[in-house]
Amino acid sequence: MTVYVDADACPVKAEVQRVAARHKVPVKLVCNGGLRPVDDPLVAVVVVPDGPDEADKWIAAHAGPGDVCVTADLPLAARCIEGGAKVLTHDGELLTDRNIGPRLATRDLMADLRASDPFLQGGGRAFSRADRSRFLDRLETLLRAAQSSRK
């Protein structure tokens, strides 16, 4: 089991490292650069070449059954779910094969609406302490379940 983090804009990298260290689970922080090396033998910073979706391609190629992927990128999430990995968003939502389809459809619809109306601007809500707390709880639950299933 490994936790893969789409790390370029991830607000919960420190939380992932803390929970994974408690469970002695390796972490791969995948980015295009700009992350400092981590002084923990269980955490590896993987720097991929510059370019669109290079980190996503790397994660999707490596994440598989028993792994956990932390990302807000829905196409990446869909690829990881298809490969058998569990996917957790930064705000603690568990994405599965049952809910990823509607999420992708909504994403595509909103992109079309924004493209057709330049005045339709919208930002998501701000990342909150409740989001961080929910993420920590869900990651802890996922790692505990994975470890108990290996015993």
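Looking across region 90-140 at every residue that is of a type in the set (Val, Ile, Thr) and modelled with pLDDT of 75 or more, the one that is nearest to Val16 (Cα to Cα) is identified as Thr96.
Restricting the search to region 6-58, which residues are acidic (Asp, Glu), closer than 18 Å to Leu76 by Cα and assigned to a loop (DSSP other than H, G, I, E, B)?
Asp8, Asp50, Asp53
Annotation: of all residues in region 141-151 being surrounded by fewer than 13 Cβ atoms within 10 Å (Cβ to Cβ) and not charged (D, E, K, R), the one that is modelled with the highest pLDDT is Ala145. Residue pairs whose Cβ atoms lie under 6 Å apart, sitting 6 or more positions apart in sequence or on different chains, and linking a residue in region 126-140 that is in a helix (DSSP H, G or I) to a partner that is surrounded by 14 or more Cβ atoms within 10 Å (Cβ to Cβ) and among the β-branched types (Val, Ile, Thr), are Phe135/Val12; Leu139/Val19; Glu140/Val19. For region 24-55, the candidate set comprises residues that are under 24 Å from Arg103 (Cβ atoms) and out of contact with any strand residue (DSSP E or B) (no Cβ under 7 Å at 6 or more places or on another chain); within that set, the residue that is surrounded by the fewest Cβ atoms within 10 Å (Cβ to Cβ) is Pro52.
The values are calculated or read from the model by the stated rules, or taken from the named source; none is laboratory data. All figures in this text were calculated on a predicted structure; none of them were measured in a lab. Glycine gets a Cβ as well: all are built from the backbone with ideal geometry, and neighbour counts include every protein chain shown.
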